[in-house]
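The values are calculated or read from the model by the stated rules, or taken from the named source; none is laboratory data. This structure is a prediction, so every number in the text was calculated from the model and none was measured. We place every Cβ from the backbone using ideal geometry, glycine too, and count neighbours over all the protein chains shown.
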Amino acid sequence: MNVAMETTARIKRPATKEHNRLESWREITNAWKMIMKGAEKNISSLGMCTTDFKILRILHDEGPTPMARLSDATILTQPAITSFVDKLESQDLVRRTRDQKDRRVIRIDITAKGETVFRQGLRVHTKFVDGLLSGISEAELMKLSVIMNKLSKEISEK
């Protein structure tokens, strides 16, 4: 049996519950990688990466935010967040301020320029997401949301 026939024979083996779960996992992770690659390319048209955009979104939504909160929300270490904030601050998109109640806490706030860049990014990102999801029905999106929330809950409990 040649290599091509052996490979075909391996692929055509009967599907088991375990195999289906592994296949589903591969599909989820491959889709996520492709989505993030597309989102990164899309948002880079504004001269930023998806993490920059996510930080601006958090600051836009929540107002002045401690560095530790940004670290938790982005799932990045505090040193990594510090690096991103340094870059955003050098571009006048965010500013650091000391918390009035606890001077040890440094809060990050979005600037007027940061708000403008965020709104531009939001328009670009919304267009990208709308295009990406245009072939998926509302019912399918609801099912997908339920499934993704289950996965998120499952992983956060481990």
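Among residues of the stretch 34-57 that are free of Cβ contacts under 8 Å to residues at least 24 places away in the same chain and loosely packed, with under 14 Cβ neighbours inside 10 Å, none has a Cβ under 7 angstrom from a residue that is in a helix (DSSP H, G or I) and among the small types (G, A, S) at a sequence gap of 6+ or on a separate chain.
Scanning the stretch 70-92 for residues that are among the charged types (D, E, K, R) and touching a strand residue (DSSP E or B) at 6+ places or on another chain (Cβ under 9 Å) returns a single hit, E89.
Got a sec? Which of D102, D52, D61 is of a type in the set (D, E, K, R) and farther than 28 Å from S156 by Cα?
Values: D52 fails: farther than 28 Å from S156 by Cα; D61 fails: farther than 28 Å from S156 by Cα.
Just a single option satisfies the conditions, and that option is D102.
So Q91 ticks every box in (1) surrounded by fewer than 16 Cβ atoms within 10 Å (Cβ to Cβ); (2) under 20 Å from the mean Cα position of the chain (by Cα) but one. Which box is left unticked? Q91 satisfies every listed condition except (2).
For (1) touching a helix residue (DSSP H, G or I) at 6+ places or on another chain (Cβ under 7 Å); (2) more than 15 Å from T50 (Cβ to Cβ), each residue gets a yes or a no:
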{"site": "P66", "(1), (2)": "no, yes"}
{"site": "S71", "(1), (2)": "yes, yes"}
{"site": "T74", "(1), (2)": "yes, no"}
{"site": "D92", "(1), (2)": "yes, yes"}
{"site": "R96", "(1), (2)": "yes, yes"}
{"site": "R103", "(1), (2)": "no, yes"}
{"site": "R119", "(1), (2)": "no, yes"}
{"site": "G135", "(1), (2)": "no, yes"}
{"site": "K150", "(1), (2)": "no, yes"}
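Being within 20 Å of A39 (Cα to Cα), surrounded by 10 or more Cβ atoms within 10 Å (Cβ to Cβ) and modelled with pLDDT under 95 is the requirement here; does L151 meet it?
When the stated conditions are applied, L151 does not pass them.
Out of all the residues in the stretch 29-38, is one or more of a type in the set (A, V, I, L, M), outside any helix (DSSP H, G or I) and closer than 25 Å to F118 by Cβ? No; the residues of the stretch 29-38 include none that is of a type in the set (A, V, I, L, M), outside any helix (DSSP H, G or I) and closer than 25 Å to F118 by Cβ.
The single condition from (1) in contact with a Pro (Cβ under 7 Å, 6 or more places away or on another chain); (2) closer than 24 Å to A39 by Cβ that S137 fails is (1).
How many residues does the stretch 99-119 hold that are within 18 Å of L56 (Cα to Cα) and either modelled with pLDDT under 95 or of a type in the set (K, R) (or both)?
Residues of the stretch 99-119 that are within 18 Å of L56 (Cα to Cα), as a first pass: 106-119.
Filter again for either modelled with pLDDT under 95 or of a type in the set (K, R) (or both), leaving 106-107, 113, 119.
Number of matching residues: 4.
Among the residues of the stretch 59-72, are any in a strand (DSSP E or B), at pLDDT 90 or above and over 22 Å from H125 (Cα atoms)? Checking the stretch 59-72: at least one residue is in a strand (DSSP E or B), at pLDDT 90 or above and over 22 Å from H125 (Cα atoms). Taken together, D61, D86, D92, D72 contain a single residue that is of a type in the set (D, E) and at positive phi, which is D92.
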